[in-house]
Amino acid sequence: MALPRLLVRALHRAAAAAAPAAPDFNSFVTRTNTCGELRAAHVGQKVTLYGWVQYQRQGLFLVLRDFQGLTQVIIPQDEAHSHVKELLSNAPLESVVRVTGTVSPRPQGQENPKMPTGDIEVKAETAEILNSCKKLPFEIKDFIKKSEALRMQYRYLDLRSSRLQWALRLRSRVVMRMREYLCNLHGFVDVETPTLFKRTPGGAKEFLVPSREAGKFYSLPQSPQQFKQLLMVGGLDRYFQVARCYRDEGSRPDRQPEFTQIVDVSEVLRGSNIHFVQNALSYPHGSIRAICIPQGVRYLTNKDLGSLKESAKSQFNQEIMEIICRPDGSLKSLLTKFLSEKEQSELIQALNMQEGDVVLLAAGEHKQVCSALGALRLLSANLLEAAGLALRDPTAFHFLWVVDFPLFLPKAENPTELESAHHPFTAPHPSDVSLLYSDPTKVRSQHYDLVLNGNEVGGGSIRIHSAEQQRFVLEKVLKEDSEVLSHLIEALEFGAPPHGGIALGLDRLISLIVDAPSIRDVIAFPKSFRGRDLMGNAPDYVTPEELEPYHIQVSWPLEEKEAKKN
C-alpha cells in the first residue's frame, strides 16, 4: 500500500515542477483597472475599463461607472476611430461597455475636484458594447425621486445607485468588524442555529413550513432564543451569530420608549370640571400627559396639527387637544373656558410654555396616552425639520439603556390573564423572586433594551436557568403547555449555569448609521410593507399537485377561484 502513495506524491511533485507558476487572478479578466482608481500617477498607461454608461454628452465624452467609482472617457473624433465614436455615441445609458485607451491629464481648468478621478480622463481607442440596455423604468441617479414600490420591483437596478452601494458595503464592513472583535479579541464562537425547528409559545407569530409527514409542520424561528440558551447550557458561554429571524407580521412603526418630555399634568387638571379629564382619571391607570412643541405656531400649519391628531386617532385610538400660547401669554384652546386663571397659570408653569408654543394634550389609560404622545413627538420633529428647523444632528449618536421592565403584562384581549412582556424565558429581578409566586403583576424583569437616538436597536435579558422556575412561569403564570418546551426544561435540569444575552437589530442599527429613513434601504432584497417580494412576486400560488406530497389542500376564496380560472 505504500508504493501507490509514494507514486502519487512523486507524480504531484513532477506536475508541480513542470507547471508554470500560478497566474495572478487578474490574468483571467481583461479589465486592468476599476473606474474609481485611476489617478494622475497612471497618466500615459494603457488601460481597459468595464462599466455602465452613466452619462454621455454630444458624442464628445461619456462617464463610465462601476462598483468603485466613475471615470471620464473621451470619445475619439478622428476618421480612423469613427466606428468607436459611433458605437460610444449611440450606446444607451446603463449599457455595459468595454473601453481600452490611454490615461491622460485633463486640460488645465477642466479638472473636477468632486471626483476622485477628476484629474484624469481616458482617451478611447477601442470599445465594445457587451450588453445594450433597453429603456429603464427609472434613472439610476440618487437625486431622481422614485416610488419605493418601483424601486423594490426593480431592486437589481436600484442596487446600482451609489447610496445603496455605499450602505451595503458599509454593512459588510460593520459585520466583519463585529466578527473580528468578538472572535479575535474576546473568544466568542460564531455558531449557526437551525432554520427549521418546531413551533413554540411566546414571541412573535411564526411562519410554518409543511413537511412530508401528514399534519406535521416545521416552524421558521422568529428568534433563535432557545438555541442561545441550549448552547450556553452546552458550555459555549460566549457565542454569537448574525441570525435570520422570521416573523409573520407586517411592518409596524418602531417601538419607542417613554420620553421624559412627556409631562404629567394630572394633578394640575384634577380639580377641573372637564368631563373627559375626570373620566380619564377615573381609570385605575388613568393619566393626563402633554408634550410642548417650542415655536410650533411658527412652523406648524393647521393642516399639520390636524394630521397629528388624526395619526393619534388612527394608530392609538387616542383623542388629542391642542393648546396654543398667544403673544400676550394667554392660552388659546377649547379647554380654557373650563379652566380657572389659576389652573391655566399652573398649566403654563408645568409645561414651561413660551409665546408661540403648541401643546398636545392626551387623557386616558397611561400606556395608551404615553404611546400616542411618544409617536406624536417624533412626527412633530419630522414636521418641524421639514419646515426648516434643525432639531436633530444626524452625525450625533446618543445611546441609553432601558431597564426594570415588568416581567408580565395583562393580555390585550383578556386583561385577567398575563403574557410575557419580553419572552417566557426572561428571569425575574432577584429582589422580586418571591412576588413571582404571590403577585406576578408586580415582578420586574431582568430585561434590558439598548436605544440609539430614540430607536430601539437591541434587547436582551438574563434567562431563567432553573427548570422548576421555568415550568412554574409557563404553567402557572402564562397557562402554557410546558410539554412543548420539554427539550429546554430538560436541558435546564442538567446543570444549566446562569446565562443571558442580547440581540442587536443589525438592519435598524445600520439604517441609523447611514441616516436611512427605512431599514429597507440597507437590505439588498427587502420585502414590502405587507411582507411581499415585489420583484419576484412572492408569496405565490402553488398548484394542488405540488401540495399533494405535503398532505395540504387549499380552500380558495371565491374571487380568487374566478381569477385563477381566467
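In region 316-344, the residues that are within 21 Å of N273 (Cα to Cα) form Cβ pairs under 7 Å with partners that are in a helix (DSSP H, G or I) and open to solvent by 50 Å² or more (accessible area, probe 1.4 Å), at six or more places apart or across chains, as follows: Q318/Q368; E319/K313; I320/K309; I324/V297. Within region 121-128, is even one residue β-branched (V, I, T), free of Cβ contacts under 8 Å to residues at least 24 places away in the same chain and farther than 20 Å from G36 by Cβ? Scanning region 121-128, I find no residue that is β-branched (V, I, T), free of Cβ contacts under 8 Å to residues at least 24 places away in the same chain and farther than 20 Å from G36 by Cβ, so the answer is no.
The C-beta contact set for region 370-385 (first residue free of Cβ contacts under 8 Å to residues at least 12 places away in the same chain, second residue surrounded by 21 or more Cβ atoms within 10 Å (Cβ to Cβ), distance under 9 angstrom, 6+ apart or interchain) comprises A381/I293.
Of all helices (runs of 4 or more DSSP H) completely enclosed by region 79-178, which ones contain at least 1 residues that are open to solvent by less than 70 Å² (accessible area, probe 1.4 Å), among the charged types (D, E, K, R) and at pLDDT below 95?
148-153, 155-158
Residues in region 234-249: is at least one modelled with pLDDT of 80 or more and not in a loop (DSSP other than H, G, I, E, B)?
Yes: one or more hits.
If the condition is being farther than 24 Å from Q368 by Cβ and not in a loop (DSSP other than H, G, I, E, B), then region 344-357 contributes Q344, S345, E346, I348, Q349.
Only one of the numbered conditions (1) modelled with pLDDT under 90; (2) closer than 25 Å to L504 by Cβ; (3) not in a loop (DSSP other than H, G, I, E, B) is violated by E192, and that is (3). Please work out if L389 is part of a loop (DSSP other than H, G, I, E, B), more than 30 Å from L435 (Cα to Cα) and open to solvent by less than 70 Å² (accessible area, probe 1.4 Å). Against the criterion (part of a loop (DSSP other than H, G, I, E, B), more than 30 Å from L435 (Cα to Cα) and open to solvent by less than 70 Å² (accessible area, probe 1.4 Å)), L389 qualifies. Against the conditions (1) part of a loop (DSSP other than H, G, I, E, B); (2) of a type in the set (G, A, S); (3) under 34 Å from the mean Cα position of the chain (by Cα), G306 satisfies every one except (1).
Pairs linking a residue in region 272-285 that is open to solvent by less than 90 Å² (accessible area, probe 1.4 Å) and modelled with pLDDT of 75 or more to a residue that is in a loop (DSSP other than H, G, I, E, B) and of a type outside the set (D, E, K, R), with Cβ atoms under 7 Å and 6 or more positions apart or on different chains, are S272/L339; I274/L335.
Within region 292-308, does at least one residue satisfy the condition of being of a type in the set (K, R), surrounded by 15 or more Cβ atoms within 10 Å (Cβ to Cβ) and at negative phi? No, region 292-308 has no match at all. Taking (1) touching a helix residue (DSSP H, G or I) at 6+ places or on another chain (Cβ under 9 Å); (2) open to solvent by less than 80 Å² (accessible area, probe 1.4 Å) in turn, Y550 satisfies each apart from (1). For region 534-547, what are the residues that are open to solvent by 40 Å² or more (accessible area, probe 1.4 Å) and not small (G, A, S)? L534, M535, N537, P539, D540, Y541, V542, T543, P544, E545, E546 - these are the residues of region 534-547 that are open to solvent by 40 Å² or more (accessible area, probe 1.4 Å) and not small (G, A, S). Identify the single condition in (1) assigned to a strand (DSSP E or B); (2) open to solvent by 50 Å² or more (accessible area, probe 1.4 Å) that L185 does not satisfy, given that it satisfies every other one. Single failed check for L185: (1).
Rundown of residues vs (1) part of a loop (DSSP other than H, G, I, E, B); (2) at positive phi; (3) among the aromatic types (F, W, Y), yes/no style:
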position	(1), (2), (3)
L376	no, no, no
P394	yes, no, no
F397	yes, no, yes
L400	no, no, no
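Just a yes or no: is a residue in region 254-261 among the basic types (K, R), open to solvent by 50 Å² or more (accessible area, probe 1.4 Å) and at pLDDT 75 or above? Taking every residue of region 254-261 in turn, none turns out to be among the basic types (K, R), open to solvent by 50 Å² or more (accessible area, probe 1.4 Å) and at pLDDT 75 or above. Contact map, region 162-185: residues that are touching a residue at least 12 places away in the same chain (Cβ under 8 Å) paired with residues that are open to solvent by 50 Å² or more (accessible area, probe 1.4 Å) and part of a helix (DSSP H, G or I), Cβ distance under 9 Å, separation 6+ or inter-chain. Pairs shown: A167/I513; L170/I513; R171/I513; V174/I513.
The single condition among (1) open to solvent by 70 Å² or more (accessible area, probe 1.4 Å); (2) within 21 Å of F138 (Cβ to Cβ); (3) in a loop (DSSP other than H, G, I, E, B) that W52 does not meet is (3). Within region 505-531, the set of residues being touching a helix residue (DSSP H, G or I) at 6+ places or on another chain (Cβ under 9 Å) and open to solvent by 50 Å² or more (accessible area, probe 1.4 Å) comprises R508, I513, P517, I519, F525, K527, F529. Taking region 416-456 as the range and being closer than 26 Å to D481 by Cβ and among the acidic types (D, E) as the test, the residues that pass are E417, E419, D432, D439. Looking at region 318-335, is at least one residue part of a helix (DSSP H, G or I) and surrounded by 14 or more Cβ atoms within 10 Å (Cβ to Cβ)? The answer is no, given that none of the residues of region 318-335 is part of a helix (DSSP H, G or I) and surrounded by 14 or more Cβ atoms within 10 Å (Cβ to Cβ).
The values are calculated or read from the model by the stated rules, or taken from the named source; none is laboratory data. As the structure is a prediction and not an experimental result, all values here were calculated from the model. Here the Cβ is made from the backbone with ideal geometry for all residues, glycine too, and neighbour counts use every protein chain on show. Side chains are part of the model used for accessible areas, which takes the heavy atoms of the whole protein and leaves out ligands, DNA and RNA. Shrake-Rupley method; radii C 1.70, N 1.55, O 1.52, S 1.80 Å.
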